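The values are calculated or read from the model by the stated rules, or taken from the named source; none is laboratory data. Keep in mind that what you see is a predicted model, and the values were worked out from it rather than measured. No Cβ is skipped: glycine too gets one built from the backbone with ideal geometry, and neighbour counts run over all protein chains shown. Note: areas computed on protein heavy atoms with side chains; ligands, DNA, RNA excluded. Shrake-Rupley method; radii C 1.70, N 1.55, O 1.52, S 1.80 Å.
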Amino acid sequence: MTVQERGAYRVIGQGIPRLDAADKVSGKAEYADDFHVPDTWYGAVVRAPVACGKLKSLSRDPAFDWSQVAVVTPEDIPGNNIVDMMGRDMPFIAHDEIQYLGEPLALVAAPSLHVAKQAAAHFKVDVEERPALLTLQEMVAVYKEDPAKLHKLSGQTIRKGDAASALKDADIVLEREYTAGHQEQLYIEPQGMVAIPERDGTMFIHGSMQCPYYINPELCETLDIPPEKLRVKQSAVGGAFGGKEEFPTLIAGYCALLALKTKRPIKMIYDRNQDILYSTKRHPSWSHYRVGVMKDGTIRAIECDFVLDGGAYTTLSPVVMYRGILHAAMGYRCENVSIDGHVYRTNTFPNGAFRGFGAPQALWAWESLIDELAAACGMTPDAFRLKNCLHEGDVTPTGGLLRDSVGSPEVLEKTLERCQFAEKWQQCSRGKSGERLWYGIGLSFFAHGSGFTGDGEARMKSKVALDLETRADGTPIVNVRVSSTEMGQGTGTILPQVAADALGIDVTHVDYPMPDTFKVPDSGPTVASRTAMVVGSTIYSAGQKMKADLESFVSETLFDGQPTELVENQFRAEYDNRSIPFVEGAAAYLASHGPFRVYDQFKLPDYVKWDQENFVGDAYPAYAWGCNVAEVEVDTLTCEFRVTKVTAFFDIGRILNPVLAMGQVQGGLIQALGYAMMEKLAIKAGKYDADRMQTYVIPTSVDGPEMDLHFVEYPWDHCQPGAKGVGEAPMDGLAPAIANALEAASGVRLRDLPLTPERLFEELSRSQRLTA
Amino acid sequence: MKIKRTWIINGEKLEAEVPPMRRFLDVLREDLQLKGTKEGCGEGECGACTVIVNGETVLSCLLAAGQVPDGATVTTVEGLEKTLGGKVLQAAYIEKGAAQCGFCIPGMIVSSYALLSRNPTTDAAQIREAHAGNICRCTGYDKIVEAIQSAAEQWPVEAKG
């Protein structure tokens, strides 16, 4: 199948305002803390006082008034005390081993938050403390000594050709290590959930989340209730970025367990301090490469250890690591690749999903190293990338064929031309003495896999529905019924656009009600830059089915059986030019048949082949492509530096809504700027040191550089409308582009994220480039 | 102890009896059920709780009810649509795609309203400076600045001064 030309779409590709915009600018949108549920009690968590140890006893302070407090301990859990994400190693409530500081030991609820918090502070915890492994640096030190001394949470390899032999044939071999630290998602709305026990035994979970269907199986197992007795509904979500992918299962579980015990609605809204201390972060990473190149710049062999700090439990770390290793040698031709991915336990809160999901860590190292390899061959960074970058028809590190919709090398060529990279590269300061300000320009180029890794989409078989229903005012409406959530990125607008286009109607006749598992099929989680591509294309085909059924109804009942087409909001009869508006035909259908639901299901193309055990084949159905250029200025007096300009091109496939797509790119790049040079979490006494917004610093409106951003459109050929993914790619490439620019400016290379003036000062001092 | 105050909130005269140390944010959200104003950090860093008191933007999470003087005029996000300037700003935010998740927007747009009410001929640098206390994690700020510039161009004469 070939996708239609852009001009064939009426609603797709239009920068229409978000459907939820009016509610959001007027303060009417209802987030988890905004809806009122009568008789609600407030929940709080009793937390472990050590990062590693054995719980010996937990008792209540007899002096405290417990008459107004409900307590849940592991004995109160009706089902299994397990949070099963990708490993059954994490309990909802710890009962024996403690693996991170603040791990839940009990839950409490009270009529006021104040009393609940006080109650949580009146437990006596007796623990036998053990030595904790807390940081990436400590973990890597042990790894270098003997990996068997670490607790392994996951491992996976990629093998292509014979990297070990090929390295021996290479003219030049570079061995390098790079690290990246934690990053906090810092959605502005903290985590929040309400659990309401209903009279018929249904547990109703309502709150801030990315993935309603993640919560279902988890809580059914823990509460020991059948799926039809668990209802999960999303409230308006004030940002997520992966931080509300798997975490909400925990807070939903805390609320539900307390609701079961008290038979009352329970609300938990984390304050910012709790949210930073006790929710997921981006995994810290250590990348160790040995790469062999020939003098002409050919990449001969890539060997890589990609090691993630998983935190205390398995959770989603295996797939984060998979995406990491699948991007750790991506983008360039090389016949010999050997990658070992590992995740090890440390005693911190489990690290988890965050926009990019392993790819930003991998690409940070890989795209820094590409510049080092270019220099080792005596080539410029642009020439080295142009020589080696993958084209349509080339093969990825896992042996996947790039069949179609390959935005490389166009994104690279266009970016280089647009920012005049070659000329500016000549002007870089390279640590020249005697100048107050140094200038540098740096580049990154990358692909980002769209959709689930490997055969995930084939197994998921995302389901969607469209409902033709009657609105309260009596007019017909088409409701998009998916579990894909709106969390700011625009799902609630682009999916109605796609449905409207497929049906041949205006988007004013389509709506996106917030996902509710009692009303929507499982379209999969809202992650992995998959919604526009996978769920969007399935909505398109559902829309075409509904269109065909409505056309045949109108043809038979109103147009004497003439062929009828629904186009531009009108049912049109072919022979006598009669036409009626969509609303009239749809109202007639509803009057005659009642509400009408169309289902559809995503099917991965047959040519996508994947061997999950050996990691061979098509790792992703398609890739988004991106190129970022950063220009930096270093003040040699203070070693402070700033990014003055970012130029970037992205190929995200068919652009469904250019305003929203650009919003994703702009926002993603500013998050990437924070990751690259502002956001720093250290661990002191087992605890994140930047545990408030005052100390965890993210970009404000005055921190962003000038941005010159563009798209090229290589639609995915398999499905209409041919979107790939836009959510994550903007997070991938800015950190290495900035580090590359910093080297061009200063002559020294920083290999640890975040890039800070202090680190630059250390490196400059070491290289004796500072004249003062 | 409770204090008695009369405030003009979003154009409506309101008599309140509140503990003087109660956070003004809680007075708005809990006592007056004005849930538009948000709490993002509770320590005056994120700006989601920004409201206007007597023409000045204040962080309602750091403000005690007793600090809001008797007779004070208060504008929250819910009050914007009652003003010409507020409507212009809302339309510009919608058109330019300035809201994504929307959680920072009640505070953000209130800051915009305060800025443009004071200085409708503002430029991009001043807009960025005036919103540096309103943190947005979604947009990267460019579309917000665009929206405010667009609203400034259309700022109604009636709302000036």
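Worth a mention:
- Each residue in the range B:1-21 was checked for being in a loop (DSSP other than H, G, I, E, B) and among the basic types (K, R), and 1 of them qualify.
- Residue in the range B:135-146 that is of a type in the set (K, R) and at the interface with another protein chain (Cβ under 7 Å from one of its Cβ atoms) present: yes
- In the range B:71-130, the residues that are acidic (D, E) and more than 7 Å from chain A (Cβ to nearest Cβ): B:D123
Every residue, every condition in (1) touching a strand residue (DSSP E or B) at 6+ places or on another chain (Cβ under 7 Å); (2) open to solvent by 10 Å² or more (accessible area, probe 1.4 Å), yes or no:
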residue: B:G11; (1), (2): no, yes
residue: B:A16; (1), (2): yes, yes
residue: B:E39; (1), (2): no, yes
residue: B:A48; (1), (2): no, no
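- For the range A:350-377, the candidate set comprises residues that are farther than 26 Å from A:G292 by Cα and open to solvent by 10 Å² or more (accessible area, probe 1.4 Å); within that set, the residue that is farthest from the chain's Cα centre (by Cα) is A:F357.
- All helices (runs of 4 or more DSSP H) inside the range A:93-195 with 1 or more residues being closer than 30 Å to A:G617 by Cβ: A:136-145, A:163-169
- Residue list for the range A:185-217, filter: of a type in the set (D, E, K, R) and surrounded by 24 or more Cβ atoms within 10 Å (Cβ to Cβ): A:E189
- Index of the failed condition, A:Y42 passing every other in (1) open to solvent by 20 Å² or more (accessible area, probe 1.4 Å); (2) in contact (Cβ under 8 Å) with a residue 40 or more places away in the chain; (3) more than 14 Å from chain B (Cβ to nearest Cβ); (4) in contact with a helix residue (DSSP H, G or I) (Cβ under 9 Å, 6 or more places away or on another chain): (3)
- Filter result for A:Y278 (open to solvent by 10 Å² or more (accessible area, probe 1.4 Å) and hydroxyl-bearing (S, T, Y)): yes
- Residues within the range A:250-275 that are assigned to a helix (DSSP H, G or I) and either of a type outside the set (K, R) or over 29 Å from B:E43 (Cα atoms) (or both), tallied: 16
- Applying a threshold of 7 Å to beta carbon distances and a minimum spacing of six or more residues, or different chains, the list of pairs starting in the range A:649-676 at a residue that is more than 9 Å from chain B (Cβ to nearest Cβ) and of a type in the set (S, T, Y) and ending at one that is part of a helix (DSSP H, G or I) and open to solvent by less than 10 Å² (accessible area, probe 1.4 Å) reads A:Y675/A:P360; A:Y675/A:A735.
- Qualifying positions in the range A:319-336 - in a helix (DSSP H, G or I) and either open to solvent by less than 10 Å² (accessible area, probe 1.4 Å) or over 17 Å from A:G243 (Cα atoms) (or both): A:V320, A:M321, A:Y322, A:R323, A:G324, A:I325, A:L326, A:H327
- Flag for A:G442 being in a loop (DSSP other than H, G, I, E, B), open to solvent by less than 10 Å² (accessible area, probe 1.4 Å) and more than 14 Å from chain B (Cβ to nearest Cβ): no
- Positions within the range A:683-734 being out of contact with any helix residue (DSSP H, G or I) (no Cβ under 6 Å at 6 or more places or on another chain) and without any contact (Cβ under 8 Å) to a residue 24 or more places away in the chain, in sequence order: A:K684, A:A685, A:D689, A:Q694, A:T695, A:V697, A:T700
- On inspection, A:M678 passes the criterion of being of a type in the set (A, V, I, L, M, F, W, C), open to solvent by 20 Å² or more (accessible area, probe 1.4 Å) and out of contact with any Leu (no Cβ under 9 Å at 6 or more places or on another chain).
- Subset tally (residues that are acidic (D, E) and surrounded by 13 or more Cβ atoms within 10 Å (Cβ to Cβ)) for the range A:96-128: 2
- Subset of the range A:218-235 (residues that are touching a Cys at 6+ places or on another chain (Cβ under 6 Å) and open to solvent by less than 10 Å² (accessible area, probe 1.4 Å)): A:L230
- Output for the range A:300-312, where each listed residue is farther than 19 Å from A:T157 by Cβ, surrounded by 24 or more Cβ atoms within 10 Å (Cβ to Cβ) and of a type outside the set (D, E): A:G311, A:A312
- Condition broken by A:A588, with the remaining ones in (1) open to solvent by 10 Å² or more (accessible area, probe 1.4 Å); (2) within 14 Å of chain B (Cβ to nearest Cβ) satisfied: (2)
- Taken over the range A:697-718, residues that are among the charged types (D, E, K, R) and within 26 Å of A:G653 (Cβ to Cβ) amount to 3.
- From A:L742, A:L760, residue being touching an Asp or Glu at 6+ places or on another chain (Cβ under 9 Å), in contact (Cβ under 8 Å) with a residue 24 or more places away in the chain, part of a helix (DSSP H, G or I) and open to solvent by less than 10 Å² (accessible area, probe 1.4 Å): A:L760
- Applying the condition of being over 20 Å from A:T40 (Cβ atoms) and in contact with a Lys or Arg (Cβ under 7 Å, 6 or more places away or on another chain) to the range B:18-35 and asking which residue is surrounded by the fewest Cβ atoms within 10 Å (Cβ to Cβ) yields B:P19.
- Check on A:D33, within 14 Å of chain B (Cβ to nearest Cβ), of a type in the set (D, E) and farther than 30 Å from A:R654 by Cβ: yes
- Checked against (1) over 24 Å from the mean Cα position of the chain (by Cα); (2) in a strand (DSSP E or B), A:F711 passes all but a single condition, namely (1).
- Matching residues, the range A:398-440, being farther than 30 Å from A:Q612 by Cα, within 30 Å of the chain's Cα centre (by Cα) and free of Cβ contacts under 8 Å to residues at least 60 places away in the same chain: A:E413
- Breaking point among (1) surrounded by fewer than 18 Cβ atoms within 10 Å (Cβ to Cβ); (2) under 15 Å from the mean Cα position of the chain (by Cα); (3) not polar (S, T, N, Q), for B:G71: (2)
- Picking from residues in the range B:102-139 that are assigned to a loop (DSSP other than H, G, I, E, B) and in contact with a strand residue (DSSP E or B) (Cβ under 8 Å, 6 or more places away or on another chain), the one that is farthest from A:Q666 (Cα to Cα) is B:G133.
A quick yes/no check of all residues on (1) within 22 Å of the chain's Cα centre (by Cα); (2) not hydrophobic (A, V, I, L, M, F, W, C):
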{"residue": "A:K461", "(1), (2)": "yes, yes"}
{"residue": "A:V464", "(1), (2)": "yes, no"}
{"residue": "A:E469", "(1), (2)": "no, yes"}
{"residue": "A:A472", "(1), (2)": "no, no"}
{"residue": "A:T475", "(1), (2)": "no, yes"}
{"residue": "A:V478", "(1), (2)": "no, no"}
{"residue": "A:Q489", "(1), (2)": "yes, yes"}
{"residue": "A:T493", "(1), (2)": "yes, yes"}
{"residue": "A:A500", "(1), (2)": "no, no"}
